[in-house]
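Notes follow the structure.
FYI, it's all coordinate maths here, none of it is from the lab. The structure presented is a predicted model; accordingly, all values stated were derived computationally and were not measured. Here the Cβ positions follow ideal geometry from the backbone for every residue, glycine too, while neighbour counts run over all protein chains shown.
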Amino acid sequence: MSEAKLFQPIKLGELELSNRIVVAPMCQYSAIDGTMTDWHIHHLSSYAISGAGLFIVEATGVEAVGRISPQCTGLYSDENEEVMTRTLATARQFGPNAIGIQIAHAGRKASSDVPWRGMGPLAEDDSKAWQTYGPSAVPHSPDWPTPIALDEAGLKRVKDGFVQAAGRSLRIGFDLLEIHSAHGYLLHEFLSPVSNQRTDEYGGSLENRLRFPLEVFEAVRAAWPEDKPLGVRVSSTDWMEDAWDINDTVAYAQALEARGCDFIDCSAGGMSPNHAILMDLGPGYQTEFAAQVKRETGLPTMAVGLITEPKQAEHILRSGQADMIALARQMMYDPRWAWHAAEELGAEVSFPPQYGRAHRSFNRLPAR
């Protein structure tokens, strides 16, 4: 076994990952009515041979109005499930790594355009747009539409959507499930006082703002097998004054741990277009959040955010800041990052035999 911690196995529940490299969920904006397309076959199959111990399928809406954009994946129909089942089966032919999925609801940030067209809100008269929902009738910013505040029936509909998506994920055969509770989307909207201005039992105090996300987690945990890992992605801070912060995140993580959570994926931001004002952007700028959550809860954590170099990732793990390294944009730029990291750190990683001739250990052989 390599001395590099990045390439040592880790257990989440009964699932053992071959190493600590995680391909983070990356929206592809390439679905049709929530259903995956041929692009997803290419995308997932590419990461199946990446050498990462785990990759997590992109944020997947638990209902049609919960998608970020009209081109985002969903898991609310039989067609969604059928095509995703085939896509996952194809990817599994090529690589041995574990595969998870992130289930999500975009809340007031739904009905948006794709990134290469600005990712702003779709115009209300756009035929592809839809009515959005949130904890309160408070828009993401002045140029975004005002969401409908979820009533009792709406809360039940959303929670049932998460449970049904978990059931579909189980039938499809995913190894791990992650609930999206970050980046200004619905569950994060309930957590943050910036977006949650309710006066009922779901708003006001921290205890009340935690209530609905915890109810969703409990319902999903009951529907998801105990031996399969269930985790939560969080925004550790809103990067804003008088808003959600790391101490709130620790309280949330402690409550999740008590309810059977297996890991916390520590990201940050997304609550406001202006959140970058207080952001201290730099390499590994969010790892301190993973470290504090890990230290105060004992839960395994994923660190994410401008982690690009193998030695940087190794230092994060060896210094105890996190247990896993989640890469998104870097993996899109370099899908063979794990191969290159293994070479740099003197470790071994799986790669398909068809590509064996490209590996450094074969460089001494003559070309054929």
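Descriptive notes on the structure:
- Alpha-carbon centroids, region 235-258 and region 77-149: separation in whole Å: 24
- Global geometry of region 240-336, whether rounded, prolate or oblate, following the gyration tensor of its Cα atoms and the 1.5 cut on a/c: oblate
- Burial ranking of peptide ranges 314-322, 135-143, 235-243 (average Cβ count within 10 Å, highest at the top): 235-243, 314-322, 135-143
- Residues Lys228, Lys128, sorted so that the one with the fewest Cβ neighbours within 10 Å comes first: Lys128, Lys228
- Ordering Thr249, Thr85 by the number of other Cβ atoms within 10 Å of each residue's own Cβ, fewest first, gives Thr85, Thr249.
- Shape category assigned to region 101-143 from the gyration tensor of Cα positions, a/c cut at 1.5: oblate
- Rounded if a/c under 1.5, otherwise prolate or oblate - region 5-362, Cα gyration tensor axes: prolate
- Calculated mean residue ellipticity, 222 nm, the chain: -10000 deg cm²/dmol, from DSSP H runs (n ≥ 4) at -39500 (n - 2.57) each, averaged per residue and rounded to 500.
- Förster-model FRET efficiency, 30 Å R0, Arg117 and Glu79, C-beta, rounded to 0.05: 0.70
- If R0 is 41 Å, the Cβ-Cβ spacing of Ala219 and Gln312 corresponds to a FRET efficiency of close to 0.60.
- Average Cα contact separation per residue, region 209-368, under 8 Å, 6 or more apart, as relative contact order %: 16
- The mean sequence separation of alpha-carbon pairs under 8 Å and at least six residues apart, normalised by the residue count of region 31-185, gives a relative contact order of 26 percent.
- Using a simple spin-label model with pseudo-atoms 7 Å out from Cα toward Cβ, Glu124 and Ser319 lie 4.9 nm apart.
- Figure legend: label point modelled 7 angstrom from the Cα of Asp227 along Cα→Cβ; residues of region 11-30 with amide N under 11 Å from it are 14-15.
- Order by protection proxy (mean Cβ within 10 Å, highest first), peptides 30-37, 296-303, 260-267, 91-98: 260-267, 296-303, 30-37, 91-98
- With contacts taken as Cα pairs under 8 Å at a separation of at least 6 residues, the chain carries a relative contact order of 17 percent.
- Of the trypsin sites (Lys or Arg not before Pro) in region 202-286, those whose Cβ has at most 15 other Cβ within 10 Å and which sit in DSSP loop: Arg259
- Cross-link table Lys11/Lys159; Lys109/Lys159; Lys128/Lys156; Lys5/Lys294; Lys5/Lys311, entries beyond 21 Å C-alpha to C-alpha: Lys11/Lys159; Lys128/Lys156
- Distance between the pseudo-spin-label points of Arg329 and Asp151 (7 Å out from Cα toward the beta carbon): 4.2 nm.
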